[in-house]
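All remarks here apply to the structure that follows.
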Amino acid sequence: GRTGKLTPVASLQPVDVSGVTVSRATLHNQDEVLRKDVRVGATVRVRRAGDVIPEVVEVLKEKRPRGTSAFAMPAKCPICNAPVEREGAYHVCTNGLSCPAQLEGHVIHFAARGAMDIAGLGEKTVKQLVEQALVKDLADVYALTPLDFAALEGFAGKSIENMLTALEISKRPRLDRFLFALGIEHVGETVARLLAEHFGALAPLMEITAEDLQ
């Protein structure tokens, strides 16, 4: 995702959990995998945390095949092959926006409702833009031309016109939405709103120091 955190996920034989068929469940981080001793081929107990997110509760070790080995996070990003470093409980790709997965995540977040709200710039379109190297950072979104969109699957005359209109409209966002859209660590919707209310404009915000925020 856009933060670069690598999250281990359990791939399951489909099972009904509270009326929902589940085939994937989050394992959070390597420490969680090791604590529960989750291994390939294991039989596990699964629940939906808060009746929403599937998670592995425990491993039924008596049903585990012989010869399995403990899981370890990869030393390199599975998307861009950059080195992976541990930061606290998480393993993180060190490649920033040069990692296609992080770039896609940032652009999707940037265009989302509640952020820049760019109608039509969803996951499928963003993936194509990144794969074709038409977008290499957030600013590239506003340099896209009709010809760029014409090269994408699902775009023709009217849809291209609508996309360009949506991009033009998004150039005048509320300050709090723009700050949230940038995907700055620890700046969610609430913090973005507080910053916008306090500083009122982008220029004074760009000049603040760490001491100003204390």
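The values are calculated or read from the model by the stated rules, or taken from the named source; none is laboratory data. Small disclaimer: the values here were computed from a predicted structure and weren't measured. Please note: Cβ atoms are built from the backbone with ideal geometry, for glycine as well, and neighbour counts cover all protein chains shown. Please note that ligands, DNA and RNA were not included when accessible areas were found on the heavy atoms of the full protein model with its side chains. Shrake-Rupley method; radii C 1.70, N 1.55, O 1.52, S 1.80 Å.
Taking the conditions exactly as written (over 20 Å from Thr3 (Cα atoms) and in contact with a helix residue (DSSP H, G or I) (Cβ under 9 Å, 6 or more places away or on another chain)), does Leu182 satisfy them or not? When the stated conditions are applied, Leu182 does not pass them. For the stretch 34-43, the criterion of being in a strand (DSSP E or B) and either of a type in the set (Gly, Ala, Ser) or at pLDDT 95 or above (or both) is satisfied by no residue at all.
Cβ-Cβ contacts under 9 Å between residues 6 or more apart (or on different chains), taken from a first residue in the stretch 186-214 that is touching a residue at least 24 places away in the same chain (Cβ under 8 Å) and closer than 18 Å to Ala112 by Cα to a second residue that is open to solvent by 60 Å² or more (accessible area, probe 1.4 Å) and part of a helix (DSSP H, G or I), are listed as Glu189/Arg177. Checked against the criterion of being outside any loop (DSSP other than H, G, I, E, B), under 19 Å from the mean Cα position of the chain (by Cα) and under 29 Å from Pro100 (Cα atoms), the stretch 13-25 contains one or more residues that satisfy it. Could you check, for the stretch 192-205, whether at least one of its residues is acidic (Asp, Glu) and under 24 Å from Glu104 (Cβ atoms)? No: the stretch 192-205 contains no residue that is acidic (Asp, Glu) and under 24 Å from Glu104 (Cβ atoms).
When you check Arg47 against the structure, is it out of contact with any strand residue (DSSP E or B) (no Cβ under 6 Å at 6 or more places or on another chain), assigned to a strand (DSSP E or B) and surrounded by 11 or more Cβ atoms within 10 Å (Cβ to Cβ), yes or no? So Arg47 fails the test.
When residues in the stretch 183-199 are screened for being outside any helix (DSSP H, G or I) and open to solvent by 60 Å² or more (accessible area, probe 1.4 Å), 3 of them pass.
Taken as a whole, the structure leaves Glu62 outside the set of residues that are closer than 30 Å to Thr190 by Cα, out of contact with any Asp or Glu (no Cβ under 9 Å at 6 or more places or on another chain) and surrounded by fewer than 19 Cβ atoms within 10 Å (Cβ to Cβ).
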